[in-house]
Amino acid sequence: MKKLMKGNEAIAEAAIQAGCRFFFGYPITPQNQIPEYMSKRMPEVGGCFLQSESEVAAINMVYGAGGAGARVMTSSSSPGISLKQEGISYIVGAEVPCVIVNMVRGGPGLGSIQPAQSDYYQSTRGGGHGDYRMCVLAPSSVQEAVDLTQEAFDIADRYRNPVMVLGDGLIGQMMEPVDMDLCKDRKPAEDLTEKTWAATGHVPTEEAPRAIINSLYIQPDVLEKHCQKLQAKYDAIEAAECRWQEEETEDAEIVIVAYGTTSRICRSAMRKLRQEGIRVGMIRPITLWPFPEAAIRSTLKTARQYLCVEMSMGQMIDDVRLAVNGERPVDFYGRTGGMVPTVTEIVDKVKAMYDNDDLHKAEKAFNDTVGAVGNAFNKLGQKIEKAVNNPELEQKAENFRKQASDVANRAASGLAKGMDAMASTLGKAFSSIFGGAQPEEPKSTETVDTPAENNEGGEQ
């Protein structure tokens with residue numbers, strides 16, 4: 001059964017239903033409802049909620065619980081995630097799974113408490129120090145936030161790596177109907193194995209040796225091998241976990257790329273533009289990393305232009321440009337500082353792109369020319385029709401037909417007589433040359449009276 005829930009609270013309950021039993025966090029708007037909800041629900045399910053003294057402390061608590069094999073989560077908003085970056089890098093280096101939720105707010109600095117998407121670089125490029133990546137999931141609705149939060153725990157355990165759920169502030173604050181029955185008591189994915197690597201205080205055995213949770217490697221060659229191992233993991237994530245949604249891309253000449261709440265606004269703009277005859281499609285990345293590069297490249301067969309729409313000054317546009325690889329122009333439209341783009345703004349932007357496209361300029365010029373020629377022929381046709389329906393012209397045409405008929409009849413009669421005269425002359429010629437019979441004269445189509453004594457071409 002569906003129920004109306006705020007995004008932050010729905011995410012928290014989804015995590016609990018996925019087996020999360022440890023939450024460590026610190027309050028910051030606009031994600032405050034997540035720790036607030038957890039503070040009430042965790043004791044009810046036998047879990048642990050702890051509000052730490054800072055974001056730095058919270059992420060290190062996550063490091064400890066995850067290293068012990070627990071399903072653990074933390075959440076924050078932009079400045080708070082920045083404070084967690086060092087700990088996140090340690091967690092990646094130690095190969096500890098966990099889930100991190102970031103409800104993005106306007107920045108930089110303390111910025112505002114309004115929604116934004118300006119943490120894209122921080123989320124998809126690692127954010128902290130060293131070579132590392134995290135799978136980044138970007139929901140566009142409260143229901144999808146529920147689904148992706150639960151999947152995030154499986155992805156984290158599968159690859160022993162943190163996973164980030166990245167939502168703009170609107171996702172956390174809006175209320176939408178969600179089906180929580182579908183996510184109740186969600187079991188871990190079937191492909192997941194027991195966490196024999198975890199530091200649980202167990203007695204070391206051959207199957208489960210002494211666990212060391214560590215990201216420190218003094219020897220450079222050892223650290224290099226470790227980094228190469230991590231890179232192989234990232235390659236596996238990139239191959240198996242990339243997700244996206246395509247809409248109206250089969251014939252799209254302009255493809256919009258947008259994620260999260262912005263994609264919902266772009267969808268409305270796309271439908272409006274389609275109604276006006278402009279072939280627009282949309283690709284919505286669900287994983288910001290891995291980025292759906294192949295999906296974007298598949299639209300090159302019809303796309304003439306791309307538009308990246310973000311609630312930022314332009315960050316995802318770099319990945320779109322890399323995917324297109326210079327083969328098509330990539331334009332950008334963004335609002336920032338907590339401002340949200342409108343449907344009208346996006347429609348106007350796409351129309352401007354459409355009107356400025358060289359091909360469409362040529363098509364418009366051609367259509368204008370065809371239209372002008374068509375109008376000229378239409379006017380000429382009207383004049384001809386008017387003249388044809390003129391009684392005086394009809395009488396003149398009738399007189400002309402009669403005159404033409406008389407001329408034709410006289411010409412036919414003259415031709416027949418000429419043929420008879422020619423036949424007679426040829427008969428005389430044959431008779432004088434061969435002294436005998438000559439070819440039979442052709443029969444005339446007209447009877448001509450000839451005196452018998454002058455019929456020299458007849459039989460002797």
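Okay, here's what the table says:
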{"quantity": "Meets criteria (more than 32 Å from the chain's Cα centre (by Cα), assigned by TED's automatic domain parsing to the domain that holds GLU151, in a helix (DSSP H, G or I) and closer than 26 Å to GLY87 by Cβ) for LEU223", "calculated": "yes"}
{"quantity": "Cβ pairs under 9 Å, 6+ apart, first in region 115-129 and at pLDDT below 95, second in a loop (DSSP other than H, G, I, E, B) and of a type in the set (Asp, Glu)", "calculated": "GLY127/ASP119"}
{"quantity": "Single unsatisfied condition, GLU345 versus (1) modelled with pLDDT of 95 or more; (2) farther than 20 Å from GLN117 by Cα", "calculated": "(2)"}
{"quantity": "Selection count where residues are more than 11 Å from the chain's Cα centre (by Cα) and either under 21 Å from ASP154 (Cα atoms) or in the same structural domain as GLY314 (by TED's automatic domain parsing) (or both), scope region 226-258", "calculated": "15"}
{"quantity": "Residue tally, condition more than 18 Å from GLU250 (Cα to Cα), β-branched (Val, Ile, Thr) and not in a strand (DSSP E or B), over region 301-324", "calculated": "2"}
{"quantity": "Members of region 308-357 that are among the basic types (Lys, Arg) and either outside the structural domain of VAL257 (by TED's automatic domain parsing) or closer than 23 Å to THR124 by Cα (or both)", "calculated": "ARG321, ARG335"}
{"quantity": "All positions within region 274-285 that are basic (Lys, Arg) and either surrounded by 22 or more Cβ atoms within 10 Å (Cβ to Cβ) or in a loop (DSSP other than H, G, I, E, B) (or both)", "calculated": "ARG279, ARG284"}
{"quantity": "Criterion: under 25 Å from PHE291 (Cα atoms) and buried (at least 19 other Cβ atoms within 10 Å of the Cβ) - qualifying residue of GLY338, GLY334", "calculated": "GLY334"}
{"quantity": "Residues satisfying the stated conditions in region 71-114, i.e. touching a strand residue (DSSP E or B) at 6+ places or on another chain (Cβ under 6 Å), buried (at least 21 other Cβ atoms within 10 Å of the Cβ), outside any helix (DSSP H, G or I) and among the aliphatic types (A, V, I, L, M)", "calculated": "VAL72, MET73, VAL99, ILE100, VAL101, MET103, VAL104"}
{"quantity": "Some residue of region 9-28 being touching a Gly at 6+ places or on another chain (Cβ under 8 Å), among the acidic types (Asp, Glu) and modelled with pLDDT of 95 or more", "calculated": "no"}
{"quantity": "Any chance ALA362 is of a type in the set (Gly, Ala, Ser), at pLDDT below 65, in a helix (DSSP H, G or I) and within 33 Å of the chain's Cα centre (by Cα)", "calculated": "yes"}
{"quantity": "Region 144-199: number of residues that are surrounded by fewer than 15 Cβ atoms within 10 Å (Cβ to Cβ) and touching a Pro at 6+ places or on another chain (Cβ under 8 Å)", "calculated": "0"}
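Listed here are the residues, each with its yes/no results for (1) within 20 Å of ASN161 (Cβ to Cβ); (2) at pLDDT below 95; (3) of a type in the set (Val, Ile, Thr); (4) crowded, with 19+ Cβ neighbours inside 10 Å.
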site	(1), (2), (3), (4)
GLN228	yes, no, no, no
ALA239	yes, no, no, no
ILE254	no, no, yes, yes
ARG271	no, no, no, no
THR287	yes, no, yes, yes
PRO290	yes, no, no, yes
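The values are calculated or read from the model by the stated rules, or taken from the named source; none is laboratory data. This structure is a prediction, so every number in the text was calculated from the model and none was measured. Every residue, glycine among them, receives a Cβ derived from its backbone with ideal geometry; neighbour counts consider all protein chains shown.
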